[in-house]
Amino acid sequence: MPEATGTSVPAFEAIGLTRSYRLDGGVLVDALRGVSLRIGQGEFAAIVGPSGSGKSTLMHLLGCLDRPTSGTLRVNGVDVATLDDARLADLRNRTIGFVFQSFHLLARTSALDNVALPLVYRGVSRAGRRERAKAALEAVGLGHRLTHRPSQMSGGEQQRVAIARALVGDPRVLLADEPTGNLDTRNGEEVMGLLERLNEGGVAVVLVTHDADVAARARRQIHVRDGRIERDT
Ligand SMILES: Nc1ncnc2c1ncn2[C@@H]1O[C@H](COP(=O)(O)OP(=O)(O)OP(=O)(O)O)[C@@H](O)[C@H]1O
Ligand SMILES: [Mg+2]
């Protein structure tokens, strides 16, 4: 697979991205109406905007969890349209960590096994998976909750398990949809500190937030409204 790894290649390059959803009745919802942007390696950017403006839709496209209806998206220089679903999943697994707005943890599975799961697809041994998952959980302050299932943890703890799962594969890019949305001030502060340390270590971080204080800590703010970028500062 052609993959550019030079530092000059942006992490993401989007040109005229659109995403329409078709409802059961056939009605089309234009969630994204032509988004062009470039996010460099190692950047720290916040995506902000009203509810329903298309932030999660954009994050899912950047995270290779979904494909655009039209437009071009290059991830680390690779045009996603040239990849079949298996290769797209592989690109995602190797380069992107994703924190979902609604966690997406497996309910009947311990924190440790939830975090270890992405490594299964990388061929890491069972012992190696557990060791790395434990280290990732310790990094988010959950070393004492390894065997708890999601229903046995607070919302903030579940949020941090989701972050540990996104980090366990050492991604070059971390995409986080409202990573502090369910946290109190102290836990939110801890998560932001964690994201800032990761970014200092060279990982590009793109987060969605409704919190002006969180957005202000990013070096760049991308304002989305009605499926378009309204302002990029
Ligand atoms: N699967 C879907 N089918 C149909 N419409 C959808 C679907 N997902 C999202 N939408 C619509 O697309 C628009 C953008 O949704 P999106 O989830 O990207 O918004 P958001 O900016 O993340 O909002 P929030 O801040 O509330 O999370 C909304 O109008 C939403 O109703
Ligand atoms: Mg959303």
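The values are calculated or read from the model by the stated rules, or taken from the named source; none is laboratory data. These numbers were taken from a predicted model, which means no experiment stands behind them. Quick reminder, even Gly has a Cβ in these numbers, built from the backbone with ideal geometry, and neighbours come from all protein chains shown.
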Tell me which residues, restricted to the stretch 29-45, are in a strand (DSSP E or B) and more than 9 Å from ligand 1 (Cβ to nearest atom). ARG33, GLY34, VAL35, SER36, LEU37, ARG38, ILE39, PHE44, ALA45
So which residues in the stretch 155-178 are closer than 15 Å to LEU117 by Cα and either modelled with pLDDT of 95 or more or not in a loop (DSSP other than H, G, I, E, B) (or both)? VAL161, ALA162, ILE163, ALA164, ARG165, ALA166, LEU167
Scanning the stretch 46-81 for residues that are within 16 Å of ligand 2 (Cβ to nearest atom) and assigned to a strand (DSSP E or B), which turns out farthest from VAL173 (Cα to Cα)? VAL48
Determine if the stretch 119-132 includes at least one residue that is away from ligand 1 (no atom under 13 Å from the Cβ), among the acidic types (Asp, Glu) and farther than 27 Å from GLU13 by Cβ. yes
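Here is a yes/no grid of residues against (1) closer than 14 Å to ALA46 by Cα; (2) at pLDDT 95 or above; (3) touching a Lys or Arg at 6+ places or on another chain (Cβ under 8 Å); (4) of a type in the set (A, V, I, L, M, F, W, C):
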position: ALA116; (1), (2), (3), (4): no, yes, yes, yes
position: GLY123; (1), (2), (3), (4): no, no, no, no
position: ALA127; (1), (2), (3), (4): no, yes, no, yes
position: MET153; (1), (2), (3), (4): no, no, yes, yes
position: THR180; (1), (2), (3), (4): yes, no, no, no
position: MET192; (1), (2), (3), (4): yes, no, yes, yes
position: ASP213; (1), (2), (3), (4): yes, no, no, no
position: HIS223; (1), (2), (3), (4): yes, yes, yes, no
position: THR233; (1), (2), (3), (4): yes, no, yes, no
